[in-house]
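I have placed the structure first, in the form of structure tokens, so that the comments after it can refer back to it.
The values are calculated or read from the model by the stated rules, or taken from the named source; none is laboratory data. Since the model is a prediction, treat every value here as computed from it, not as a measurement. Quick reminder, even Gly has a Cβ in these numbers, built from the backbone with ideal geometry, and neighbours come from all protein chains shown. Heads up: the accessible areas ignore ligands, DNA and RNA and are worked out on the full protein's heavy atoms, side chains in. Shrake-Rupley method; radii C 1.70, N 1.55, O 1.52, S 1.80 Å.
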Amino acid sequence: MAAGADQLIDEIMEFLWRENPVEATIAGVHRYDDMLEKLDLVSRRKKLNRKREYLGRLDSLQVRGNLAAEVDHLATALRVGSHMEETSPSLDRSE
């Protein structure tokens, strides 16, 4: 199970860096230095749905020890990001 958890964590981190390229650069990940975050409503909704999907997958994992703490930390970050998106006023100027 740990190998699957490691792979899922890597997949989620890659998603978060790709969707938040400035944060990736700050974290030392430079694969997305030529990109900016997409803030249009459609992109933000897709990102929110993907975060929810990842939360479900993380919640189904049964891991222990240090990996459990890592999974919990990542799930918390996804929950906070999702909550902020759901409760923040829209950044889309057309609304």
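Quick check on my filter: what residues within segment 43-95 are open to solvent by less than 90 Å² (accessible area, probe 1.4 Å), of a type in the set (A, V, I, L, M) and not in a loop (DSSP other than H, G, I, E, B)?
Residues satisfying the conditions are 48, 55, 58, 67, 68, 69, 71, 74, 75, 77, 78, 80.
Suppose the filter is at pLDDT 95 or above and open to solvent by 80 Å² or more (accessible area, probe 1.4 Å); does residue 29 pass it?
No, not satisfied.
Taking residue 33 as the residue in question, decide whether it is assigned to a loop (DSSP other than H, G, I, E, B), farther than 21 Å from residue 89 by Cβ and not hydrophobic (A, V, I, L, M, F, W, C).
yes
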